[in-house]
């Protein structure tokens, strides 16, 4: 029904709920690197769900349900005991929107502001 491209993720389910498409996915990586010491961990501590907005699909809002794992840092000297897996190129830390959605919103805002600025400049131009 829907073709979904989520870099770094495996799509588990796509469903339509009311006026939006909900995409459930999890990371395709089996390991993650600690952001503090850079050591690779295989040990999952827990997981939680992030629900960022993504680009509209077929004229409908898209809500992602991303299962994010917390890993145990296996480096004994590292002050970070646990850390969450990251995909900053697609979904930055703490973000409520994907990178591509944020870029599209920014482009629309810049374009509309440019049009408004041009119309204001034209209306104030001396005769």
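Observations, loosely collected:
- Residues that are touching a strand residue (DSSP E or B) at 6+ places or on another chain (Cβ under 8 Å), loosely packed, with under 10 Cβ neighbours inside 10 Å and modelled with pLDDT under 90 within region 4-21 comprise just one, 19.
- Scanning region 62-88 for residues that are outside any loop (DSSP other than H, G, I, E, B) and more than 22 Å from residue 10 (Cβ to Cβ) yields 72, 82.
The values are calculated or read from the model by the stated rules, or taken from the named source; none is laboratory data. Quantities reported herein were computed from a predicted structural model and do not represent experimental measurements. Neighbour counts are summed over all protein chains in view; Cβ atoms, including those assigned to glycine, are modelled from backbone coordinates with ideal geometry.
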